[in-house]
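**Q** Sharing a structure here in C-alpha coordinates format.
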Amino acid sequence: MILVLIPARGGSKGIPKKNIKLMNGKPLINYTIEAARKCFSDDDICVSTDSDEIISVVEETGLKVPFKRPDILASDTATSESIIHHAIEFYQAKGVNVEHYMLYIY
(Lines give C-alpha, C1' and ligand atoms only; values in the text may rest on other atoms or scores of the structure.)
Protein backbone atom coordinates (compact mmCIF):
# COMPACT_ATOMS: atom_id res chain seq x y z
CA MET A 1 0.00 0.00 0.00
CA ILE A 2 1.00 3.58 -0.64
CA LEU A 3 -0.33 5.58 2.30
CA VAL A 4 -1.43 9.07 1.29
CA LEU A 5 -1.53 10.94 4.58
CA ILE A 6 -3.33 14.26 4.95
CA PRO A 7 -2.66 15.83 8.37
CA ALA A 8 -5.43 18.13 9.54
CA ARG A 9 -5.07 19.37 13.09
CA GLY A 10 -8.14 20.96 14.61
CA GLY A 11 -6.31 23.46 16.80
CA SER A 12 -4.68 25.79 14.31
CA LYS A 13 -3.68 29.00 16.06
CA GLY A 14 -2.85 31.13 13.01
CA ILE A 15 -6.23 30.70 11.33
CA PRO A 16 -8.65 28.90 13.66
CA LYS A 17 -10.44 25.98 11.96
CA LYS A 18 -8.54 26.67 8.75
CA ASN A 19 -9.01 23.13 7.45
CA ILE A 20 -12.77 23.57 7.28
CA LYS A 21 -12.89 27.28 6.36
CA LEU A 22 -14.74 27.83 3.11
CA MET A 23 -12.79 28.84 0.03
CA ASN A 24 -14.90 29.45 -3.06
CA GLY A 25 -17.80 27.74 -1.31
CA LYS A 26 -16.14 24.57 -0.07
CA PRO A 27 -13.92 23.59 2.85
CA LEU A 28 -10.18 23.98 2.28
CA ILE A 29 -9.49 20.32 3.08
CA ASN A 30 -11.79 19.25 0.25
CA TYR A 31 -9.32 20.64 -2.30
CA THR A 32 -6.59 18.42 -0.89
CA ILE A 33 -8.85 15.38 -0.88
CA GLU A 34 -9.84 16.07 -4.49
CA ALA A 35 -6.20 16.35 -5.53
CA ALA A 36 -5.31 13.09 -3.77
CA ARG A 37 -8.26 11.32 -5.39
CA LYS A 38 -6.96 12.22 -8.85
CA CYS A 39 -3.99 9.91 -8.25
CA PHE A 40 -5.01 7.47 -5.53
CA SER A 41 -7.99 5.42 -4.42
CA ASP A 42 -9.89 6.24 -1.24
CA ASP A 43 -8.43 3.08 0.34
CA ASP A 44 -4.96 4.70 0.16
CA ILE A 45 -5.97 8.14 1.49
CA CYS A 46 -5.94 8.80 5.23
CA VAL A 47 -6.90 12.08 6.90
CA SER A 48 -5.21 12.20 10.29
CA THR A 49 -7.07 14.57 12.59
CA ASP A 50 -7.99 15.13 16.22
CA SER A 51 -11.16 17.06 15.36
CA ASP A 52 -14.70 15.69 15.20
CA GLU A 53 -15.65 18.70 13.04
CA ILE A 54 -12.95 17.88 10.49
CA ILE A 55 -13.98 14.21 10.52
CA SER A 56 -17.58 15.24 9.72
CA VAL A 57 -16.50 17.52 6.87
CA VAL A 58 -14.19 14.86 5.41
CA GLU A 59 -16.79 12.11 5.65
CA GLU A 60 -19.30 14.34 3.81
CA THR A 61 -17.01 13.89 0.78
CA GLY A 62 -17.46 10.12 1.06
CA LEU A 63 -13.95 9.54 2.39
CA LYS A 64 -13.88 7.48 5.59
CA VAL A 65 -11.60 8.72 8.38
CA PRO A 66 -10.17 5.49 9.84
CA PHE A 67 -9.12 6.83 13.25
CA LYS A 68 -9.04 9.93 15.41
CA ARG A 69 -5.54 11.19 16.16
CA PRO A 70 -4.63 11.26 19.87
CA ASP A 71 -4.43 14.71 21.48
CA ILE A 72 -0.70 14.29 22.15
CA LEU A 73 -0.18 14.16 18.36
CA ALA A 74 -2.25 17.30 17.80
CA SER A 75 -0.16 19.64 19.92
CA ASP A 76 2.09 22.45 18.69
CA THR A 77 5.09 20.22 19.43
CA ALA A 78 3.88 17.15 17.54
CA THR A 79 6.07 16.38 14.54
CA SER A 80 5.15 15.18 11.08
CA GLU A 81 7.27 12.11 11.80
CA SER A 82 5.18 11.22 14.86
CA ILE A 83 1.95 11.58 12.85
CA ILE A 84 3.34 9.40 10.04
CA HIS A 85 4.52 6.79 12.53
CA HIS A 86 1.10 6.73 14.25
CA ALA A 87 -0.74 6.21 10.94
CA ILE A 88 1.64 3.48 9.75
CA GLU A 89 1.29 1.65 13.09
CA PHE A 90 -2.51 1.84 12.77
CA TYR A 91 -2.47 0.18 9.35
CA GLN A 92 0.15 -2.39 10.30
CA ALA A 93 -1.98 -3.41 13.32
CA LYS A 94 -4.76 -4.14 10.80
CA GLY A 95 -2.40 -6.32 8.76
CA VAL A 96 -1.84 -3.74 6.01
CA ASN A 97 1.74 -3.43 4.76
CA VAL A 98 2.61 0.23 4.15
CA GLU A 99 5.40 0.11 1.58
CA HIS A 100 5.54 3.84 0.89
CA TYR A 101 3.86 6.97 2.15
CA MET A 102 3.16 10.41 0.82
CA LEU A 103 2.47 13.36 3.09
CA TYR A 104 -0.01 15.84 1.58
CA ILE A 105 0.57 19.25 3.18
CA TYR A 106 -1.68 22.12 2.17
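The values are calculated or read from the model by the stated rules, or taken from the named source; none is laboratory data. These numbers come from a predicted model, not from an experiment. Please note: Cβ atoms are built from the backbone with ideal geometry, for glycine as well, and neighbour counts cover all protein chains shown. The accessibility values were calculated without ligands, DNA or RNA, using every heavy atom of the protein model including side chains. Shrake-Rupley method; radii C 1.70, N 1.55, O 1.52, S 1.80 Å.
**Q** Quick one: in segment 15-28, of everything that is at negative phi and open to solvent by less than 70 Å² (accessible area, probe 1.4 Å), which residue is farthest from the chain's Cα centre (by Cα)?
**A** Step one: filter segment 15-28 for residues at negative phi, giving 15-16, 18-23, 26-28.
Subsequent filtering for residues that are open to solvent by less than 70 Å² (accessible area, probe 1.4 Å) retains 19-20, 26-28.
Working: Asn19: 10, Ile20: 12, Lys26: 17, Pro27: 14, Leu28: 12 Å.
That would be Lys26.
**Q** Next question, about the same structure. Might you check whether a residue that is hydroxyl-bearing (Ser, Thr, Tyr), in contact with a strand residue (DSSP E or B) (Cβ under 9 Å, 6 or more places away or on another chain), under 15 Å from Gly10 (Cβ atoms) and assigned to a loop (DSSP other than H, G, I, E, B) occurs anywhere in segment 53-75?
**A** No; the residues of segment 53-75 include none that is hydroxyl-bearing (Ser, Thr, Tyr), in contact with a strand residue (DSSP E or B) (Cβ under 9 Å, 6 or more places away or on another chain), under 15 Å from Gly10 (Cβ atoms) and assigned to a loop (DSSP other than H, G, I, E, B).
**Q** If you don't mind, another one. Out of (1) without any contact (Cβ under 8 Å) to a residue 60 or more places away in the chain; (2) over 21 Å from Ile84 (Cα atoms), the odd one out for Leu28 is which?
**A** (1)
**Q** Based on what the data block shows, is Val98 open to solvent by less than 30 Å² (accessible area, probe 1.4 Å), touching a Leu at 6+ places or on another chain (Cβ under 6 Å) and in a loop (DSSP other than H, G, I, E, B)?
**A** Working: open to solvent by less than 30 Å² (accessible area, probe 1.4 Å): yes; touching a Leu at 6+ places or on another chain (Cβ under 6 Å): yes; in a loop (DSSP other than H, G, I, E, B): yes.
So Val98 passes the test.
**Q** I'm trying to understand the selection: among the residues of segment 1-14, which are closer than 22 Å to His85 by Cβ, open to solvent by 10 Å² or more (accessible area, probe 1.4 Å) and either assigned to a strand (DSSP E or B) or in contact (Cβ under 8 Å) with a residue 60 or more places away in the chain (or both)?
**A** Residues of segment 1-14 closer than 22 Å to His85 by Cβ: 1-12.
Filter once more, so that each one left must be open to solvent by 10 Å² or more (accessible area, probe 1.4 Å): 1-2, 7, 9-12.
Listed by number, the residues that qualify are Met1, Ile2, Pro7, Arg9, Gly10, Gly11.
Table: residues versus (1) of a type in the set (A, V, I, L, M, F, W, C); (2) at pLDDT 95 or above; (3) open to solvent by 30 Å² or more (accessible area, probe 1.4 Å).
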{"site": "Tyr31", "(1), (2), (3)": "no, yes, yes"}
{"site": "Thr49", "(1), (2), (3)": "no, yes, no"}
{"site": "Ile54", "(1), (2), (3)": "yes, yes, no"}
{"site": "Val58", "(1), (2), (3)": "yes, yes, no"}
{"site": "Thr61", "(1), (2), (3)": "no, yes, yes"}
{"site": "Ile72", "(1), (2), (3)": "yes, no, yes"}
